[in-house]
1. To the nearest 10 Å², what's residue 92's accessible area with a 1.4 Å probe?
2. Which log10 I(q)/I(0) values does the range 93-183 give at q = 0.15 Å⁻¹ under the Debye formula, counting every alpha carbon as one identical point scatterer?
3. Give me a comma-separated list of calculated 3J(HN,Hα) values for the range 269-274, in order, Karplus coefficients 6.51, -1.76, 1.60 applied at θ = phi - 60°, integers in Hz, x for any Gly or Pro.
4. Between 142, 265, 254, find the one with the highest GNM mean-square fluctuation for the chain; connect C-alpha pairs within less than 10 Å.
5. Treat every Asp and Glu Cβ in the range 205-252 as -1 and every Lys and Arg Cβ as +1, leave all other atoms uncharged, and give the resulting dipole magnitude about the Cα centre to the nearest 20 debye.
6. Can you list residues whose amide H is under 5 Å from residue 137's amide H, if they're 5+ apart or on another chain and H is modeled 1.01 Å from N?
7. Which one of 75, 199, 277 is farthest out on the positive end of the charge dipole of the chain, using unit charges on Cβ (Lys, Arg +1; Asp, Glu -1) and the Cα centre as origin?
8. As a test of reading the structure, rank 118, 18 by solvent-accessible area (1.4 Å probe, protein chains only), most first.
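The values are calculated or read from the model by the stated rules, or taken from the named source; none is laboratory data. Computed from a prediction, not measured in an experiment: that's the story for all the values here. Don't worry about glycine lacking a Cβ; one is built from the backbone with ideal geometry, like all the others, and counts go over all protein chains shown. Accessible surface is based on the protein model in full, side chains and every heavy atom, while ligands, DNA and RNA are left aside. Shrake-Rupley method; radii C 1.70, N 1.55, O 1.52, S 1.80 Å.
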Amino acid sequence: MIVYPNAKINIGLNVVEKRKDGYHNIETVFYPIKLLDALEINSDYDGGDKYKLKVSGEILGGRPDDNLVIKAFNSLKRLFPDKVKCIDVHLHKHIPTGAGLGGGSSDAAFTIMALNEKFSLGMNDEDMERLASEIGADCPFFIKNKPVFAKGIGDVFSNVDICLKGKYIILVKPYIGVSTNEAYSEIVPKRPGISLQETITQPIETWKEHICNDFEISVFKRYPEIAAIKDRLYDLGALYASMSGSGASVYGIFNEKIEYVDEIFAGYFCRQRELEY
């Protein structure tokens, strides 16, 4: 079985308050984009180990047990010990890591959905979302994989009135890593005067004035190169441009396809895609 986990972007990201548990409540819109990893899962693995994992493409560090694909497998194995068999997994990474694109979370969610089908586990979307939420705050989003307004720690979803179908996105990531601690270093939680859930319904031409990513304050100060990418996207005619998540990727939304973007952003990871929702 082969599945293709996709990335997401954040449209707006407001850090609204710090919680008693040390985490922060946010408001954001998760929007799926067609930037894909590839995940192949075979269940005819008869080795003595509980799984076999190969990662190619953008190789990740750390122990295999820390990979979110394996965390998802282990969670299902605990829930369904008699149904979930040993697996042989090949994960090819194309979604950049440390980019605010949710690639690891998507890999985990797609693992849950693939194994649910492969082993006939009978979970519905809500069952899979609950399991995914134990792995990561934004993992449940990728189960239904439709634009949503998210609050809490990014795990409470509601419908959002948004239509970008037929527009184009240019996604650019410099070879810079931004840690979550860096991104939060100058954040002062506050609620916006008008909720993102309302401003997102306004014409996209107005978003530049009303929708922001709070993490840009600290990240742009530390990494002016990332801020310069956003400025360049606006120079090219973007209707709206923003950093995604806590960085380091930046995207611009355009009415039309832009020519020669690989040359314009030479030296960076750069992809252009048509939007579907």
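1. Residue 92 exposes around 80 Å² with every protein chain in place.
2. With no solvent term, the Cα-only Debye profile gives -0.72.
3. Here the 3J(HN,Hα) series is 5, 9, 9, 10, 9, 7 Hz.
4. Residue with maximal mean-square fluctuation among 142, 265, 254: 265.
5. 160
6. Hits under the 5 Å cutoff: none.
7. My answer, from the dipole projection, is 75.
8. 18, 118
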